[in-house]
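Every number in this text was worked out from the coordinates using simple rules, so none of it is lab data. From a predicted model like this one, the values you see are computed outputs, not experimental measurements. Neighbour counts run over all protein chains shown; Cβ positions are idealised from the backbone, glycine included.
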């Protein structure tokens, strides 16, 4: 086996953060459930080690050739992922960070612990598989008899309907009315802080299992407060989920005009990533991916880390174009978004979208730099597990590497203030 590498999914405990104009609100007496949200930790690498060593080798070969952020991991943690290899297979290699005579399993486990929280990798459970496959069939049904699959659609379909995946998950019956509302507690809380003026929405995670019911909760609330001056959206502590939740539940029911923006997804050239890259090129309406070095050198990107170009082959400009919902509340007040260092994964993507489309003013602290933008999916041959990870290297127009550095707020917390207290203080100053 060649070099072996991995990143583990970071699942954090949620803690709702807040503040208020009055003392009771500052103390957290706001009617929200403040208890931490419990998650089941899923370790896809441990699962592969337990199930099949050949599957582990298959996955890591693909991961090594596709993943685009080894340089940033080294800068963040001082770990050269590509040097964490099995010593018994490659006994004489020059390595800056040798791990000793560990077995493959011990080496992988050691690296996993050291990289905790620095990347995004997950395995599909039965719900995820059913939900993803149903969405594909729903897209096909919406187009009708003339449906022509896009490259992205075909890429996903080939994985979900592969022999190995179907052996693991079975030939499930597709119900096009299946939306996944799980019956679990809603992910959204709403509150009026100051009647006629300030409202708040708290989202503990972007849970698409309840997207329809949560959207209805949000929509009714947004129509109720449509003439308010300020709406504060709190995603502090959110471990992520699906950023489409933020778009469909929060943005589209609020905005009166389209919101647009752009960011850049750099990728590596590999036979394993070719189909996915081609799919995103088609999706963005491009003729081809753009050579990375040529693109960076032709732009004013002062924050781009030039040494990373050695890992990056192409770039795909990704467009953000969010249209208002037909039943939008057309909110015209100021939208604030609260973030912190525990805002990660899909929630960090939501913060990125909100900032770079000018949807909201961000307040708090910088998000954790983990995104879900160009999800590569690997089905391993023996167990049929589907493992996905973000293969891209994302920057803004100035070249800031968002997965490494996170999304910076427009305004940091004021001294000895929470993000909520900072916003309330800023609102008070505007009135004065």
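The table for this structure:
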item: Gained length - residue 283 relative to residue 216, 0.36 nm times residue gap less alpha-carbon distance; result: 21.2 nm
item: Packing rank of 281-289, 246-254, where each peptide gets the mean count of other beta carbons within 10 Å, highest leading; result: 246-254, 281-289
item: FRET efficiency, 1/(1 + (r/R0)^6) with R0 25 Å, evaluated for residue 223 and residue 175 via beta carbons; result: 0.20
item: Ranking of 420, 306, 375 by count of other Cβ atoms within 10 Å, fewest first; result: 306, 375, 420
item: Calculated SAXS-style log₁₀ I(q)/I(0) at q = 0.19 Å⁻¹ - region 122-218, Debye, Cα scatterers; result: -0.99
item: Fewest-first sequence of 123, 343 by Cβ atoms within 10 Å of each Cβ; result: 123, 343
item: Extension gain (nm, one decimal) between residue 428 and residue 262, 0.36 nm per residue minus Cα-Cα; result: 56.5 nm
item: Length gained when the stretch residue 194-residue 416 is fully extended (0.36 nm per residue, less Cα-Cα span); result: 77.6 nm
item: Neighbour-count order for 151, 176, 362, fewest beta carbons within 10 angstrom listed first; result: 176, 151, 362
